[in-house]
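Worksheet: the structure to be examined is printed underneath.
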Amino acid sequence: MEVNIIRSNRKSFAIEIRTDLSVTVRAPYRATNKDIEKLLHQKESWIQNSIEKVRRKNEQLDAVKEDKLTYAEIKSLADKALKVIPQRVRYFAKLIGVDYGRITIRNQISRWGSCSSKGNLNFNCLLMLTPEAIRDSVIVHELAHLIEMNHSPRFYQIVRSVYPQYDNCHKWLKENGIKIIQD
């Protein structure tokens, strides 16, 4: 197992498993090599489990990259999104009490949605591959930015007041979204 050690002005240790399956230990300047070896020995089981999780995630990513959507499939998803998403935006905008600008549907590489400072909303057509609850959570998230243009506790309070299941949807998207969004 390859271990990289990064020493810095910190008080505690941290262990990170990288996507290349290497292990990075962040340690205080005062830590000796013996301290680091002891830590690695104590955390050996956790490290092995974490490496296995990263290996499985890498395999999932490789499988996803092989199953790219065709241009026609993406176009079909975008057409469907143009019919479904604006209706849901209108519904949730009334609940939140906000006005919005233009709605744009795109095939984005890394975002599910965004909100501009002018109140324009962008949504990823790949949302049509997610359950309705997930789509709704993204819509509410973007509409809440019309009140709070940040991710502060107040922002999340707005989101959860309208969509109490938001945290579960956000977790689902973090765990499963990578299978849908493709490079």
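Observations on the structure shown:
- So R7, is it of a type in the set (D, E, K, R) and either touching a His at 6+ places or on another chain (Cβ under 8 Å) or surrounded by 12 or more Cβ atoms within 10 Å (Cβ to Cβ) (or both): yes
- Count of residues meeting criterion [assigned to a loop (DSSP other than H, G, I, E, B) and of a type in the set (F, W, Y)] in segment 1-58: 2
- Only listed residue being open to solvent by 60 Å² or more (accessible area, probe 1.4 Å) and within 19 Å of I74 (Cβ to Cβ), chosen from I147, I178, I134, I85: I178
- When we screen R90, R111 for residues that are closer than 26 Å to L77 by Cβ, outside any helix (DSSP H, G or I) and basic (K, R), the only hit is R111.
- Criterion violated by I51 - all others in (1) modelled with pLDDT under 95; (2) among the β-branched types (V, I, T); (3) under 25 Å from I139 (Cα atoms); (4) in contact with a strand residue (DSSP E or B) (Cβ under 6 Å, 6 or more places away or on another chain) satisfied: (3)
- Every residue from segment 93-106 that is assigned to a loop (DSSP other than H, G, I, E, B) and open to solvent by less than 30 Å² (accessible area, probe 1.4 Å): V98
- Residues considered: T32, T24. Of these, the only one that is over 19 Å from E175 (Cα atoms) and touching a strand residue (DSSP E or B) at 6+ places or on another chain (Cβ under 6 Å) is T24.
- Among the residues listed as H141, H170, the single one being open to solvent by less than 40 Å² (accessible area, probe 1.4 Å), of a type outside the set (A, V, I, L, M), within 30 Å of K57 (Cα to Cα) and in contact (Cβ under 8 Å) with a residue 12 or more places away in the chain: H141
The values are calculated or read from the model by the stated rules, or taken from the named source; none is laboratory data. If you're wondering where the values come from, they're calculated on a predicted model, not measured in any experiment. Cβ sites come from the backbone with ideal geometry, for glycine too, and all protein chains shown count toward neighbours. Heads up: the accessible areas ignore ligands, DNA and RNA and are worked out on the full protein's heavy atoms, side chains in. Shrake-Rupley method; radii C 1.70, N 1.55, O 1.52, S 1.80 Å.
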